[in-house]
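One structure is given below, encoded as structure tokens.
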Amino acid sequence: MDRQGNTYTFLYASVMVIVVAAILAFLAQSLKPMQDQNAAVAKKMDILKSVQIESTAADAVEKYKKYIGDNAFVINVNGEKVEGDAFTVDMAKEVKKTGMDRAYPIYMCKLDNGQTKYIIPVRGKGLWGPIWGYVSLDEDKNTVYGATFGHKGETPGLGAEITTDMFQKPFTGKKLFDQNGAFASIEVVKKGQSQGDLHKVDGISGGTITSVGVGTMLKDCLSGYEKFLKN
């Protein structure tokens, strides 16, 4: 076969594409268990952070087992326990469903001082992609104990600031229900407008869309837990 001809070039390129694709597929399949394990550890770190427990990749599994362990379950919109593994619920899929059809995971954390905290996962949309997080509540199932948020592609220095303590810590002490017991959620407002309001926190300067996205995410996700939290 003429190595200078078009047929040879086409066949050579085709073979190389197939070989490279096969190698990449093999590597992806081989690395998947490790990737899944790393994702699970990172998730446990985020859950623990929402109850103000710092952890590392080296001790997150041990701490998760100590403080949460098997105390996680799934409920429906009526607040009733249903079958399912809370840790493996895919929130990216659940938020696309109607409230009646969603699975609602809950993690119960027992702290060293004997207090119980309820951890709820949330997921929504930012400016450039998905945002997510975990909100923990005191035993009254109303007062926020802690919150942590993450994102896929928000702008550094702007929307990406939702991952900082400066944005997350003000959620502590906020309330989900008003004085009449009605669900009020927590609204993210312009900087300086939240002072003295138990249902508002300051947003990020220059990150308005991401800030609003966090507020929308909280309202949409937490409202599905209303019956459980009131019982």
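The values are calculated or read from the model by the stated rules, or taken from the named source; none is laboratory data. Since the model is a prediction, treat every value here as computed from it, not as a measurement. Positions of Cβ are backbone-derived with ideal geometry, glycine not excepted, and every protein chain shown enters the neighbour counts. Side chains are part of the model used for accessible areas, which takes the heavy atoms of the whole protein and leaves out ligands, DNA and RNA. Shrake-Rupley method; radii C 1.70, N 1.55, O 1.52, S 1.80 Å.
Helices in the chain, meaning DSSP H runs of at least 4 residues, each add -39500 (n - 2.57). Divided by all residues, the mean residue ellipticity at 222 nm is -11000 deg cm²/dmol. To the nearest 10, the accessible area of Lys97 is 80 Å² with a 1.4 Å probe.
On a per residue basis, the chain carries 58 Å² of accessible surface, using protein heavy atoms and a 1.4 Å probe.
To the nearest 10 degrees, how steeply does helix 208-222 sit against the main Cα axis of the chain, on a 0 to 90 scale? In the chain, helix 208-222 runs at an angle near 70 degrees to the longest axis.
Annotation note: GluC sites (Glu not before Pro) in region 110-166 located in DSSP loop regions with a Cβ neighbour count of at most 12 within 10 Å are Glu139. Rounded to the nearest 20, the Cβ-based charge dipole of the chain about its Cα centre (Lys and Arg +1, Asp and Glu -1) stands at 200 debye. Rounded to whole numbers, the Karplus 3J(HN,Hα) couplings from phi for region 100-108 are 5, 9, 6, 9, 10, x, 9, 10, 9 Hz, using 6.51 cos²θ - 1.76 cosθ + 1.60 with θ = phi - 60°, and x at Gly and Pro. Ranking of Lys175, Lys96 by solvent-accessible surface, largest first: Lys96, Lys175 (1.4 Å probe, protein heavy atoms only, all chains present). Residues Arg102, Arg123, sorted by accessible area with the largest first, give Arg123, Arg102 [1.4 Å probe; ligands and nucleic acids excluded]. Close amide H pairs (under 5 Å, H built 1.01 Å from N) link Gly79 with Phe228, residues at least 5 positions away or on another chain.
For Glu187, the residues whose modelled amide H falls within less than 5 Å of its own, excluding neighbours fewer than 5 places apart on the same chain, are Lys200, Val201.
Please tell me which of these pairs span more than 18 angstrom C-alpha to C-alpha: Lys63/Lys175; Lys43/Lys152; Lys152/Lys219? Correct reply: Lys63/Lys175; Lys152/Lys219.
Just the number, please: Stokes-Einstein D of the chain in µm²/s, Kirkwood Rh from C-alpha pairs, 10 °C, 1.306 mPa s. It comes out at roughly 81 µm²/s.
Taking the longest Cα principal axis of the chain as reference, the axis of helix 6-50 is set at about 20 degrees. Element breakdown for the chain at a 1.4 angstrom probe: carbon and sulfur atoms account for 56% of the accessible area. Loop only per DSSP, at most 14 neighbouring Cβ atoms within 10 Å: give me the GluC sites (Glu not before Pro) in region 52-114, ordered by residue number. Those satisfying the criteria are Glu54, Glu80, Glu83.
For region 80-130, just say rounded, prolate or oblate: build the C-alpha gyration tensor, square-root its eigenvalues into a ≥ b ≥ c, call rounded for a/c under 1.5, and beyond that prolate if a/b exceeds b/c, oblate if not. Here region 80-130 falls in the oblate category.
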